[in-house]
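Novice: Take this structure first; my questions come after.
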Amino acid sequence: MRWQKGRRSSNVEDRRGERAPGGGMGGLGNLLALAPFLLRSKKGWLILLALAAVYYFGGHLFSGSPGSQSTQVGPDGQPHAPAQPGADDEVAQFVSVVLADTEDTWGKLFQQAGSQYSTPKLVLYNEAVRSACGLSSAAVGPFYCPGDQKVYLDLSFLNELKKLGAPGDFAFAYVIAHEVGHHVQNQMGTSAKVQQARMQSDKVTANRLSVMLELQADCFAGVWAYYAHRDRQMLEPGDIEEGLRAAAAVGDDHLQRRSGHAVSPDAFTHGSAEQRAYWFRQGFTSGDVNKCNTFAALAGQGQ
């Protein structure tokens with residue numbers, strides 16, 4: 001991708017190096033190490049209970065780092081805005097440029113539709129993070145939380161993509177654009193409608209609705225790629241192939257096979273490798289949000 005000269009987004013919160021409140025094993029490990037000594041006396045019991053309360057309720061006596069909050073307190077004791085990626089942090093800068101480009105694309109498309117696009121925040125973190133959706137570890141992968149309208153991203157997922165056979169900068173850009181696609185769905189009111197329908201459905205139907213929502217986010221990622229290529233010439237030869245490989249690599253059937261399980265379509269939540277690649281391509285070749293109606297298409301196929 002030709003991203004180096006792209007605009008950087010101001011909507012990136014860099015929480016790497018922080019420990020989510022009550023999360024992580026560092027403080028817990030230290031607490032357990034002290035326990036045998038403190039339990040020898042009545043006073044020790046009281047101290048242990050006090051330290052456990054500090055740890056449980058989000059204290060950072062053991063972690064030595066601030067909590068995962070929207071604002072941080074600086075050395076002067078005053079609240080400061082969340083840190084931005086350093087200029088020498090190339091991967092974080094890449095994320096910032098991709099996010100900015102999605103802002104430009106969706107801002108224009110919403111304006112053309114007579115609406116206003118509210119840009120999401122993107123939070124960089126490692127190990128674990130607390131959001132309006134709860135405490136999440138890096139193992140869950142990138143995610144969007146509609147409660148606070150933020151995308152959460154652990155940069156180590158780039159290595160996971162490589163392990164899945166989807167290397168390349170555009171593969172990572174596709175992942176970011178997919179999560180931003182969920183923000184677009186939230187803005188459109190689609191996410192709320194799907195969530196309501198899922199709550200009234202059996203498990204199989206609820207999974208199918210999740211698949212439709214995820215595939216639409218893939219299609220929206222393709223729509224972004226269309227405009228990034230047409231209007232700003234960000235894409236290079238081979239980039240779309242990288243995106244298609246990434247879409248296929250995170251297909252439910254592919255992940256089920258990698259984990260040693262039989263493929264179970266009824267358990268899909270994101271769609272098959274073929275479906276994910278198809279809908280990403282659909283968005284990219286058309287550049288038309290109206291071509292991303294996965295709900296009508298999949299319902300007609302009985303999927």
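Novice: Normalising by the residue count of the range 84-300, find the relative contact order in percent from Cα pairs under 8 Å and 6+ residues apart.
Specialist: About 19 percent, as a whole number.
Novice: Report the FRET efficiency, 1/(1 + (r/R0)^6), for GLN149 and GLN112, where r is their Cβ-Cβ distance and R0 is 35 Å, rounded to 0.05.
Specialist: Given R0 = 35 Å and the Cβ-Cβ separation, E is 0.95.
Novice: Working out 0.36 nm times the residue gap between ASN126 and SER201, then minus their Cα-Cα distance, what length gain in nm do you get to one decimal?
Specialist: 23.5 nm
Novice: Could you tell me the ratio Rg/Rh of the range 84-300? Both radii from Cα atoms, Rh via Kirkwood.
Specialist: Rg/Rh: 0.94.
Novice: What is the distance, in nm, between label points placed 7 Å from the Cα along the Cα-to-Cβ direction at LEU135 and at SER10?
Specialist: In this crude spin-label approximation the distance works out to 3.4 nm.
Novice: Return the long-range amide H neighbours of GLU13 (sequence gap of 5 or more, or a different chain), with a cut-off of under 5 Å between placed amide H atoms.
Specialist: Amide H neighbours of GLU13: LEU122, VAL123, LEU124.
Novice: Related question: Give me MET199, MET1, MET188 ranked fewest to most by other Cβ atoms within 10 Å of their Cβ, as a rough exposure proxy. Don't jump to the answer; show the numbers that get you there.
Specialist: Details: MET199 8, MET1 20, MET188 16.
Starting with the residue having the fewest Cβ neighbours, the order is MET199, MET188, MET1.
Novice: In the range 84-300, what % of DSSP beta bridges are antiparallel (nearest 5)? Write down the numbers at each step before the final one.
Specialist: Working: 7 of 12 bridges.
Percentage antiparallel, nearest 5: 60.
Novice: What is the fewest-to-most order of CYS219, CYS145 by other Cβ atoms lying within 10 Å of their Cβ? List each step's numbers first, then the result.
Specialist: Values: CYS219 27, CYS145 22.
Starting with the residue having the fewest Cβ neighbours, the order is CYS145, CYS219.
FYI, it's all coordinate maths here, none of it is from the lab. Just so it is clear, the model here is predicted, and its values are computed rather than measured. We place every Cβ from the backbone using ideal geometry, glycine too, and count neighbours over all the protein chains shown.
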